[in-house]
Amino acid sequence: MTDSPISTSLSDPLYYLSNVHFIMDWVLTRYADCLHDEELAQLNTFQHLPEATQALWVRLVMRKGLHFRQEKLNYPEIGDITAAVEPLLKAQWVTINAEVTWPELYRLLTKAEWQACFETQGAALGLTRRDSKQQWYQTLTPDYADQQSIWTQWWPEAPAPLLSLLQQDLFERLKLMFFGNLHQDWSEFILVELGYQTHEKVNFTAEDRAFEDRATLDHYWQLHQWREALEQPATSPSRLLQACLEQYPSPINNPWLEERRSRLLWHMGLAADRQRDEATALLAWSHSQYREARLRQLRLMERQGAYQEAWSLLVEALQSPRNPAEKLGLERIEKRLSQKLKQPIISAKNATSRPQIPTKTLQLPPTTSVEQAVAAVLGSESHPVYYTENHLFNGLFGLLFWDIIFAPLPGAFFHPFQERPADLYRADFVQRRQSAIHQRLELLDTPSPLATHSPSQPRPDAWQQMIRDHWQAKQGITNPFVYWPLWRSSALLDWALECIDAQTLQVIFRDLLSDLRLHRRGMPDLVQFSAQGELSHPVTGAPCHYQLIEVKGPTDRLQDHQTRWIERALTAGLPVSVVHVQWLASNHPIAAQSEIAS
């Protein structure tokens with residue numbers, strides 16, 4: 001079954017209501033068993049409200065905040081606001097004159113209204129009408145910060161009621177069930193209608209959904225609520241952590257939810273550390289399986305001088321590093337702790353020699369972009385240089401594996417606005433598609449066309465043809481690996497398919513598939529091509545048809561993830577190097593000529 005979002009023209013004044021109806025129908029078709037009876041009743045009530053009433057509520061829920069001054073609402077397509085409000089009040093989808101906090105009051109009143117409300121109090125504190133609204137607020141805050149009163153108590157002369165939304169949590173849950181997350185929203189419909197986004201059409205059934213049951217939905221919701229609370233200035237990370245560990249004392253038996261729980265614990269630790277609550281930070285990180293949690297925990301233990309406890313944790317962590325980045329961080333901590341505790345280096349037993357990264361220095365006239373400056377110096381018509389960063393090999397990967405990425409596996413796709421499969425970065429992504437991925441990689445086992453065909457009679461191999469076919473058929477369609485602004489022209493694709501051999505792609509794609517989240521980063525800035533193989537391998541000096549070049553400015557250095565990627569590439573024999581740029585002095589002849597030319 002293929003489900004496509006409705007295509008409501010933005011010229012329809014009620015386009016937003018049509019989009020909400022689409023989502024409601026979608027959720028009721030797929031998630032009725034995950035909704036409580038009272039929730040189903042509320043949705044049924046909403047669907048039977050007058051159209052203008054529904055439209056008003058949708059207008060309000062799409063705006064920021066929960067409170068709205070009725071006299072300021074004006075929507076031509078809705079008409080009489082007062083008439084539209086009455087059914088919402090009876091159905092308990094809004095209330096009037098609810099309690100308002102001090103910060104909420106600040107957002108609701110104009111400067112003149114604010115000064116009128118607090119004229120006596122302001123005068124007693126030396127405030128005048130010339131003072132800004134912000135000055136009034138800050139001066140009065142010590143007396144009112146914790147106060148919460150109904151609208152008409154704050155402002156008895158209010159010209160109209162204050163409308164406050166109810167059922168907004170139910171509406172948020174609808175979005176969560178539809179999108180499978182809470183970062184996508186109604187703007188997705190608009191972006192598609194305007195043509196700014198085009199999503200791959202994936203065949204999935206009504207049984208495909210993000211949440212298997214109500215419990216999973218509630219777990220996600222609770223983790224999200226804690227994450228939102230953590231962003232509030234007055235929140236205590238210690239109390240949030242206590243609540244989290246009471247409800248989830250051990251890892252959740254659901255990889256997706258456990259990843260979210262671990263990331264939440266990581267953020268709780270960061271928040272506690274910022275507040276100098278080191279005990280809470282250590283406790284949060286000790287319960288988190290997030291990739292950087294143990295490193296943070298160890299560094300904090302170092303700062304505390306708890307070297308022996310840190311060493312015990314370090315020894316355990318070195319037995320099973322969570323990823324290469326953690327392994328590198330653990331080895332650095334190991335060096336420091338081993339010196340303090342006079343312990344031998346454990347990781348040295350399993351250490352492998354690291355390749356030396358070939359580097360060279362270029363002295364260039366100062367400019368805004370070191371990458372563009374190096375590209376201009378090294379490039380020529382026959383040996384072009386492209387500034388691609390991570391987009392070159394990610395893009396080729398996305399094009400070659402397009403149909404596998406968007407395969408309609410159970411749980412991978414469940415709504416028509418997905419940019420990627422839901423399990424893309426989960427541990428079992430490759431395993432679930434192992435057979436298809438293996439067959440696709442086998443296409444790259446064929447010899448390079450540079451070695452088997454004459455330049456005058458090129459014949460594309462199957463993998464090259466597949467990349468080109470997908471490039472032509474999928475132009476502009478969102479793919480998590482393809483950055484279309486770089487690939488819209490065929491020039492880069494032509495050079496890449498002509499000069500990059502299958503063995504190179506085999507190496508890089510296998511590396512990428514080993515950790516799609518981490519290994520898609522750290523790739524060199526530039527690629528240079530030579531159809532005739534007139535480039536020299538930076539290590540062996542052998543002729544090659546392409547080179548990968550990482551560029552570093554005068555004050556820049558290789559980041560850890562860049563170093564790891566380059567070392568893996570060099571170990572595989574790929575032509576990778578680093579260029580360090582030094583700026584010429586402004587009075588240098590070359591720099592002066594460049595300035596005159598510009």
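The values are calculated or read from the model by the stated rules, or taken from the named source; none is laboratory data. What you are looking at is a predicted structure, and each value in this text was computed from that prediction instead of being measured. Every residue, glycine among them, receives a Cβ derived from its backbone with ideal geometry; neighbour counts consider all protein chains shown.
Applying the selection to region 485-519, what residues are surrounded by fewer than 15 Cβ atoms within 10 Å (Cβ to Cβ), under 26 Å from F429 (Cα atoms) and not small (G, A, S)?
Residues satisfying the conditions are R510, R517.
Restricting attention to region 239-257, report how many residues are within 27 Å of the chain's Cα centre (by Cα) and either in a loop (DSSP other than H, G, I, E, B) or hydroxyl-bearing (S, T, Y) (or both).
Qualifying residue count, region 239-257: 6.
Among the residues of region 449-472, are any modelled with pLDDT of 95 or more, among the charged types (D, E, K, R) and over 27 Å from the mean Cα position of the chain (by Cα)?
Yes - at least one qualifying residue is present in region 449-472.
For region 554-566, does any single residue satisfy the condition of being of a type in the set (A, V, I, L, M, F, W, C), assigned to a helix (DSSP H, G or I), under 26 Å from the mean Cα position of the chain (by Cα) and surrounded by 20 or more Cβ atoms within 10 Å (Cβ to Cβ)?
yes
Give R322, R332, R294 a once-over and let me know the one that is outside any helix (DSSP H, G or I), charged (D, E, K, R) and closer than 29 Å to L241 by Cβ.
R322
For region 543-553, how many residues are in a loop (DSSP other than H, G, I, E, B) and either loosely packed, with under 11 Cβ neighbours inside 10 Å or at pLDDT 95 or above (or both)?
Result for region 543-553: 1.
Could you identify the single residue in S353, S347, S338, S369 that is small (G, A, S), more than 30 Å from Q464 (Cα to Cα) and in contact with a helix residue (DSSP H, G or I) (Cβ under 6 Å, 6 or more places away or on another chain)?
S347
Can you tell me how many residues in region 422-431 are in a helix (DSSP H, G or I) and either among the acidic types (D, E) or within 23 Å of the chain's Cα centre (by Cα) (or both)?
Qualifying residue count for the region: 2.
With assigned to a loop (DSSP other than H, G, I, E, B) and touching a residue at least 60 places away in the same chain (Cβ under 8 Å) as the only criterion, which of E381, E419 stands out?
E419
Among the listed residues Q363, Q304, which satisfies the condition of being touching a residue at least 24 places away in the same chain (Cβ under 8 Å), of a type in the set (S, T, N, Q) and assigned by TED's automatic domain parsing to the domain that holds G573?
Checking each option against the conditions leaves just Q363.
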